[in-house]
Amino acid sequence: MQTVATVMTPEVSSVDRDFPLLKAIAIMAKRAISCVVVREGPRPIGILTERDLVRKLFAAGGDPAMFRVGDVMTTPPQTVTEETTTLEALQLLRTRAFRRLPVVDPNGALVGIVTQTDLLHAVIADLEEASRLKSEILSTVSHELRTPIALIAGYVDLLSEGTFEPLQPRQQEVVARVQRTSSQLVDLVNAAFELIQLEAGRVSVACNPIDVEALFEQLGREFRALVPEGVSLHWRNELGTQPILGDHAKLKASLKNVVDNALKFTTAGRVEVMAAWADGLLTFVVQDTGIGIPAADLSHIFELFRQVDASDTRRFAGVGLGLHVVKRLLDVLGGRIAVDSTLGVGSTFRITIPAPRVMGGPPTRP
């Protein structure tokens, strides 16, 4: 955090309180400054600003030649020291409705002046640097978490498939529970990592043939153990066998987050994922029979850390990253996401992406 010393103006015009007002106005005009500090000896006791001139002199009338600076100055001034942080000084300006502050040394002598604009620039620079450091730290932590978590999830999958030895029904139930939890953790870390990359602008777009049928098959396998009891998950590809051109990883991440969200908020019924062409755009529709979304919340669900409401945050897992990440990913791809929902009936999410068909060449398979 910067201090006032790094942003203040040390060369400040100052006069004493008995200084003729006309001469003070002339100094302000000649030096193109908006204020002068009024002092008594080395200590600031007030500030004369353009606002003071308008409010206390010209608005009230009178001959400027009859006034001294002390008659119209703002008193008493609030001061800061060179060691005051820029954020503290800015908060002081806000609470006192000032736009500038005299800077004093430990003895109270005037050494400079700092303005609201100077402080804002400094605070913004500090916040940008803090945000950059935060993103770097989170990116490193997320990256280091991905490998061990993926390894755990992989071994759990092998256990679930009976690779080492057949599981008893009770063992299968326990492993399935671990599988669901580890998958949620993997998705959370991946979403956080994706968001960090997006915020840092470290995202590139690939362009390769994609086999949507194969993509659906892969997603179906990954979601098989995650579908809640009493809910069915269906995949419908109306694109045919011809591959499309796009970014396989980002498309998969977007679909996975939307489907995961649908399953999370569907306690009974079905979730259906459909791919088709509509108005020349690649379109994915994810429809569920879940709890639905109140109309008042529809415009907010793609915001960061947003869920339907506080009670649902406790009832349903998640921190509100998924749909925000989807929107950000689709922005990068030139696509969009929209939602229609009826409370208590279900929701329909529609993803549209400009992705041309590929006229030959092997598609990207998962």
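Table for the structure above
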read-out: Candidates SER160, SER182, SER34, ranked by Gaussian network fluctuation over the chain, Cα under 10 Å, top entry; value: SER34
read-out: Under 16 Å from the Cα of LYS264 - aspartates and glutamates, other chains or at least 8 residues apart; value: ASP187, GLU222, GLU229, GLU272, ASP288, ASP309, ASP312
read-out: Neighbour cut-off at most 12 other Cβ (10 Å), DSSP loop, trypsin sites (Lys or Arg not before Pro), region 180-227; value: ARG202
read-out: DSSP beta bridges in the chain [antiparallel fraction, %, rounded to 5]; value: 75
read-out: Diffusion coefficient, µm² s⁻¹, Stokes-Einstein with Kirkwood Rh over alpha-carbon pairs of region 208-353 at 4 °C and 1.567 mPa s; value: 84
read-out: Built amide H within the under 5 Å cut-off of ILE47, gap 5+; value: VAL38, THR74
read-out: Per-q log10 I(q)/I(0), the chain, q = 0.08, 0.11, 0.14 Å⁻¹ (Debye; single scatterer per alpha-carbon; no solvent); value: -0.63, -0.81, -1.11
read-out: Karplus-derived 3J(HN,Hα), 6.51/-1.76/1.60, for each residue of region 217-222, Hz, glycine and proline x; value: 4, 5, 4, x, 5, 5
read-out: Total formal charge among the other residues, if their Cβ is under 11 angstrom from that of GLN78, Lys/Arg +1 and Asp/Glu -1; value: +2
read-out: Surrounding net charge for LEU329, when Lys and Arg each add one and Asp and Glu each subtract one, Cβ distance under 12 Å; value: +3
read-out: The chain, relative contact order [Cα under 8 Å, separation at least 6], %; value: 13
read-out: Amide H contacts under 5 Å for THR3, placed H, 5+ residues apart; value: THR86
read-out: Set of lysines near LYS23 by C-alpha distance (under 27 Å), chain-local residues within fewer than 8 positions excluded; value: LYS56
read-out: For region 129-200, fraction of C-alpha pairs farther apart than 13 Å, in %; value: 68
read-out: Pair-distance profile P(r), taking every C-alpha pair of region 238-291, with 10 angstrom steps and integer %; value: 21, 48, 26, 5
read-out: Under 5 Å, built H, 5+ apart or other chain: amide partners of VAL271; value: SER232, LEU233, HIS234
read-out: Residue-wise HN-Hα coupling along region 281-297, computed from phi with Karplus coefficients 6.51, -1.76, 1.60 (Hz; x: Gly, Pro); value: 10, 5, 10, 10, 10, 10, 10, 10, 10, x, 6, x, 10, x, 4, 5, 9
read-out: Most mobile of THR163, THR352, THR289 in a GNM of the chain (Cα contacts under 10 Å); value: THR163
read-out: Residue-by-residue Karplus 3J(HN,Hα) for region 113-126, coefficients 6.51, -1.76, 1.60, Hz, glycine and proline x; value: 9, 10, 9, 4, 5, 4, 5, 4, 4, 5, 5, 4, 4, 5
read-out: Neighbour net charge for ARG180 - beta-carbon separation under 12 angstrom, K R +1, D E -1; value: -3
read-out: Of GLU222, GLU194, GLU173, the one that fluctuates the most in a GNM where the chain has Cα springs shorter than 10 Å; value: GLU173
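Every number in this text was worked out from the coordinates using simple rules, so none of it is lab data. Predicted model, so just to flag it, every value in this text is computed and none were measured. Quick reminder, even Gly has a Cβ in these numbers, built from the backbone with ideal geometry, and neighbours come from all protein chains shown.
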